[in-house]
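Student: So that we are looking at the same thing, I have put the structure below in structure tokens.
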Amino acid sequence: MPPIDQYQYDLVVLGGGSGGLAAAKQATELGAKVAVFDYVIPSPQGTKWGLGGTCVNVGCIPKKLMHQAALLGEAVHEATAFGWQIPEVKSVKIDWEALTTAVQNHVKSVNWVTRVELRNKKVEYINALGYFKDPHTIGGIMKNGEEKVVTAKNVLIAVGGRPNYPDIPGAVEYGITSDDIFSLSKPPGKTLVVGAGYIGLECAGFLNGLGYDATIMVRSIILRGFDQQMANIIAEEMETRGVHFIYQAKPKALEKQADGSILVHWVDKDGQIHKDVYDTVLFAIGRKALTKDLKLENAGVFVVPENEKIDALNEQTNVPHVYAVGDVLHKKPELTPVAIHAGKLLAKRLYGNATELMDYTNVATTVFSPLEYGCVGLSEEQAIAIHGEDSIEIYHAYYKPTEFFVPQKDNSRCYLKVVALRNNDQKVLGLHFVGPNAGEVIQGFATAIKCNLTFPLLKSTVGIHPTIAEEFTRVNITKRSGMDPKPQSCCS
Ligand code: FAD
């Protein structure tokens, strides 16, 4: 091992996704010499992509674009109610190839900008699958099979994760995952989405919105870990829009038919076997951390046995010079801004004499289902489990977005709730919102929660009229009262 001042790099980052790139760029800005290893193993269907990680290539960005495409389809029909003259509006349909081309062009432009940015910042990008040869030596297998070896004083693990497949016949051969859907070469057609986490709901939601027949197979509950009342509201909304749900079921086998369709055998809660034919089967049953290829044993870094993730206190693993950020971390929110924020703060602590630690609490998030669900803080169930039912007050309301009136859109599931403590200053513990642009609505309130928002403060905030975000300043009915939370009149 070289003496400590002879390492080639101050920091080597394994994984050029949200967390790794943020840390690498921040570290170089603070004067560190940095290299990033990034390598994408193609999906079983052969899909591969460029630099930037999951979010840019097969996550947040293409997903949001497809969600937007679906919303626009809805808007085209609404527009006629506002007087737009759209000839043959009933026959408007999506051109899948044009959509995927537009989405992939954007993704490729981001890949390119990311490479240029690394070059400008003098971060060395090594397109190789990295692993530990020893605690300070990283090897990387490149596309041509050659190995690149570098030494580093510090190493940051930011390898993220990839989708799981069920261990059933035909799953890997004939199924796809979110890694494939955004660049699928043919229209997905009738699609079975297996899994009812946020990725499953979002994919089924945009496919249905784009005009494809979409079914979600739910093993147990919708959106585990989220507020269940809200989760069920968005599932109900999806059902009214035409998404089918098969509850308490799991697939048993996939078989390719002569015409290219896929015969799915599935089992219900009573053990009864059923069959149905789909054009596409998309598995969204969870993700696994990519720690296996890292040969962590050569560095002495431990993983949590049940999920192979890394349990790192303040992003530092059990080996002091090896750090980890992003989706690879055990029990941390798997979200891009979380990975980025943690990566930047870590680099500032390592190279900028900073001391600020990452705060993983009260991170806001949004499910981009057809009617979106944004939330921050505790769910009703979590608040009750922590503080007890008698200490929690739930304020709730249905509301009517102004934009929904003219096209007579269904507003029966536009709903919000505030989870607050009952006593003392009535601290707000959680905010939940189902409606259009839920992420935009929740983002600012997340800052308010960080600033110790109380229910009286929320009520003393003057709303912006007419918006849907102002509904949080109007809510005043408690669940405990049993009063009807149906919409108040528009302007009183
Ligand atoms: P990644 O971004 O996954 O980057 C890891 C990189 O390391 C990858 O490029 C990988 O190929 C590479 N790599 C792995 N092993 C090695 C190795 N041994 N050597 C070299 N390189 C390696 N988050 C949100 O905040 N909002 C959303 O709306 C959202 N939507 C999502 C939708 C989908 C369909 C998915 C799948 C995810 C979504 N996410 C969303 C989650 C978000 O994408 C992740 O939280 C984020 O990308 C994690 O960043 P990361 O840096 O930990 O890992």
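The values are calculated or read from the model by the stated rules, or taken from the named source; none is laboratory data. Everything numeric in this text was worked out from a predicted model, so none of it was measured. Don't worry about glycine lacking a Cβ; one is built from the backbone with ideal geometry, like all the others, and counts go over all protein chains shown. Keep in mind that these areas ignore ligands, DNA and RNA; they rest on the heavy atoms of the full protein, side chains included. Shrake-Rupley method; radii C 1.70, N 1.55, O 1.52, S 1.80 Å.
Student: When Lys and Arg each count +1 and Asp and Glu each count -1, what net charge do the other residues less than 10 Å away from GLY170, Cβ to Cβ, add up to? Provide the component values of the computation, followed by the final result.
Tutor: On the way: positive: LYS252, LYS256; negative: GLU173, GLU255.
Around GLY170, the surrounding residues sum to 0.
Student: Another question, then. Treating the beta-carbon of each Lys and Arg as +1 and of each Asp and Glu as -1, no other charges, what is the dipole magnitude of the chain about its Cα centre, to the nearest 20 debye?
Tutor: Working: 49 positive and 53 negative charges, 149 e Å.
So the dipole magnitude of the chain works out to roughly 720 debye.
Student: With the cut-off at 1.5 for a/c, could you classify segment 439-492 from its C-alpha gyration tensor as rounded, prolate or oblate? Provide the component values of the computation, followed by the final result.
Tutor: On the way: a/c = 1.96, a/b = 1.30, b/c = 1.51.
Verdict is oblate for segment 439-492.
Student: Can I ask one more? Going by Cα centres, segment 109-132 and segment 206-252 are how many Å apart?
Tutor: One Cα centre to the other: 38 Å.
Student: I've got another one for you. Can you work out the base-10 log of I(q)/I(0) for segment 42-192 at q = 0.12 1/Å, using the Debye formula on its C-alpha atoms alone?
Tutor: -0.72
Student: Of the listed peptides 436-447, 381-392, what is their order by residue-averaged count of other C-beta atoms within 10 Å, with the highest listed first?
Tutor: Working: 436-447: 18.0, 381-392: 14.5.
Top to bottom by mean Cβ count within 10 Å: 436-447, 381-392.
Student: Let me ask another. Per the helix-only calculation at 222 nm, which mean residue ellipticity applies to the chain, given -39500 (n - 2.57) for every DSSP H run of n ≥ 4 and division by its residues, nearest 500 deg cm²/dmol?
Tutor: Working: 13 runs with 144 residues, N = 492.
Result for the chain: -9000 deg cm²/dmol, rounded to the nearest 500.
Student: At GLU173 and ASP259, where each label point lies 7 Å from the Cα along Cα→Cβ, what is the point-to-point distance in nanometres?
Tutor: With each label point 7 Å from Cα toward Cβ, the separation is 2.1 nm.
Student: Subtracting the Cα-Cα distance from 0.36 nm times the residue separation, let me have the gained length for SER460 to GLN408 in nm, one decimal. Spell out each step's value before the answer.
Tutor: On the way: separation 52, 0.36 × 52 = 18.72 nm, distance 3.18 nm.
Residue separation times 0.36 nm, minus the Cα-Cα distance, leaves 15.5 nm.
Student: Work out which helices of the chain, taken as complete DSSP H runs, extend at least 15 Å along their axis over the Cα atoms and score a mean Kyte-Doolittle of 0.0 or more, then list them. Mind dumping the intermediate values first?
Tutor: Working: long enough: 18-29 (17 Å, -0.18); 60-81 (32 Å, 0.28); 96-120 (36 Å, -0.38); 198-209 (16 Å, 0.81); 228-240 (18 Å, -0.41); 336-351 (22 Å, 0.37); 438-450 (18 Å, 0.69).
Helices meeting the span and hydropathy rule in the chain are 60-81, 198-209, 336-351, 438-450.
Student: In addition: With a 1.4 Å probe and every protein chain kept in, tell me what percent of the accessible surface of segment 1-58 is carbon plus sulfur. Mind dumping the intermediate values first?
Tutor: Values: 1080 of 2190 Å².
Carbon with sulfur: 49 percent of the solvent-accessible area.
Student: Further question on the same structure: Charges on Cβ only, +1 for Lys and Arg, -1 for Asp and Glu, centred on the Cα centroid of the chain; of PHE82, TYR373, TYR360, which one is farthest towards the dipole's positive end?
Tutor: The residue sitting farthest along the positive end of the dipole is TYR360.
Student: Charges only on Cβ, +1 for Lys and Arg, -1 for Asp and Glu: so what's the dipole of segment 1-96 about the Cα centre, in debye to the nearest 20?
Tutor: Values: 7 positive and 8 negative charges, 35 e Å.
Roughly 160 debye for segment 1-96.
Student: Based on the Cα atoms of segment 286-370, what semi-axes does the equivalent ellipsoid have, where each is the square root of 5 times one gyration tensor eigenvalue, given in whole Å with the largest first? Don't skip to the answer; put the middle values down first.
Tutor: On the way: eigenvalues 97, 78, 17 Å².
So the three semi-axes of segment 286-370 are 22, 20, 9 Å.
Student: Kindly identify segment 371-481 as rounded, prolate or oblate by the Cα gyration tensor criterion: order the square roots of the eigenvalues as a ≥ b ≥ c, call it rounded if a/c is under 1.5, otherwise compare a/b with b/c, prolate if a/b is larger, else oblate. Write down the numbers at each step before the final one.
Tutor: Details: a/c = 1.90, a/b = 1.65, b/c = 1.15.
Taking the square roots of the gyration eigenvalues as a ≥ b ≥ c, segment 371-481 is prolate.
Student: Right, something else. Using the Cα centre of segment 427-492 as the reference point, and only Cβ charges (+1 on K/R, -1 on D/E), how large is the resulting charge dipole? Debye, rounded to the nearest 20. Walk me through the intermediate numbers first.
Tutor: Numbers: 7 positive and 4 negative charges, 61 e Å.
My answer is approximately 300 debye.
Student: If you don't mind, there's one more thing I want to ask. Gain in length, HIS77 to LYS275, computed as 0.36 nm per residue apart minus the alpha-carbon separation, to one decimal in nm? Write down the numbers at each step before the final one.
Tutor: Details: separation 198, 0.36 × 198 = 71.28 nm, distance 3.50 nm.
This chain segment gains 67.8 nm when fully extended.
Student: Just to confirm, what accessible area per residue do you get for the chain at 1.4 Å probe, in whole Å²?
Tutor: Using a 1.4 Å probe on heavy atoms only, each residue of the chain averages 47 Å².
Student: Check cross-link reach from LYS133 to the aspartates and glutamates: straight Cα distance under 20 Å, and skip same-chain residues fewer than eight apart.
Tutor: Here the aspartates and glutamates satisfying the reach criterion relative to LYS133 are ASP5, ASP10, ASP38, GLU124, GLU146, GLU147, ASP293, GLU297, GLU308.
Student: Using +1 at the Cβ of each Lys and Arg and -1 at the Cβ of each Asp and Glu in the chain, identify which of THR101, GLN45, THR478 lies farthest towards the dipole's positive end.
Tutor: THR101
Student: So what's the gap between the Cα centers of segment 13-59 and segment 381-448, to the nearest angstrom?
Tutor: 36
Student: For LYS63, go through the lysines and keep the ones whose alpha-carbon is under 18 Å away, minus same-chain ones fewer than eight residues off.
Tutor: Result set, ordered by chain and number: LYS48, LYS108, LYS186.
Student: Given the pairs LYS148/LYS331; LYS250/LYS288; LYS122/LYS450; LYS33/LYS348, which span a C-alpha to C-alpha distance of over 25 angstrom in this model?
Tutor: Values: LYS148/LYS331 33 Å; LYS250/LYS288 19 Å; LYS122/LYS450 35 Å; LYS33/LYS348 14 Å.
Those over the limit are LYS148/LYS331; LYS122/LYS450.
Student: 5 Å is the cut-off here: which amide hydrogens, built 1.01 Å from N in the peptide plane, fall below it relative to ARG287, excluding neighbours closer than 5 in sequence?
Tutor: Long-range HN contacts for ARG287: ASN164.
Student: Calculate how large, on average over all directions, the projected area of the Cα convex hull of the chain is; give the answer in nm² to one decimal. Each step should come with its number before you reach the end.
Tutor: Numbers: hull surface 107.1 nm².
Reported value for the Cα convex hull: 26.8 nm².
Student: So how many Å³ per residue does the convex hull of the Cα atoms of segment 23-106 work out to? Mind showing how you got there, number by number?
Tutor: Values: hull volume 11.7 nm³, N = 84.
Cα-based convex hull of segment 23-106, divided per residue, equals 139 Å³.
Student: Can you find, among VAL281, LEU21, GLY326, the residue farthest towards the positive end of the dipole of the chain? Put +1 on the C-beta of Lys and Arg, -1 on that of Asp and Glu.
Tutor: In the chain, that residue is LEU21.
Student: Using label points projected 7 Å from each Cα along Cα→Cβ, tell me how many nm separate PHE245 and PHE302, to one decimal.
Tutor: 4.0
Student: Gain in length, VAL116 to ASN437, computed as 0.36 nm per residue apart minus the alpha-carbon separation, to one decimal in nm? Spell out each step's value before the answer.
Tutor: Numbers: separation 321, 0.36 × 321 = 115.56 nm, distance 3.23 nm.
Contour length minus the Cα-Cα distance gives 112.3 nm.
Student: Same structure again: Hey, what's the Cα Rg ratio for segment 164-286 versus the globular rule of thumb, 2.2 N^0.38 Å? Mind dumping the intermediate values first?
Tutor: Values: Rg = 13.6 Å, N = 123, 2.2 N^0.38 = 13.7 Å.
After normalising by residue count via 2.2 N^0.38 Å, the value is 0.99.
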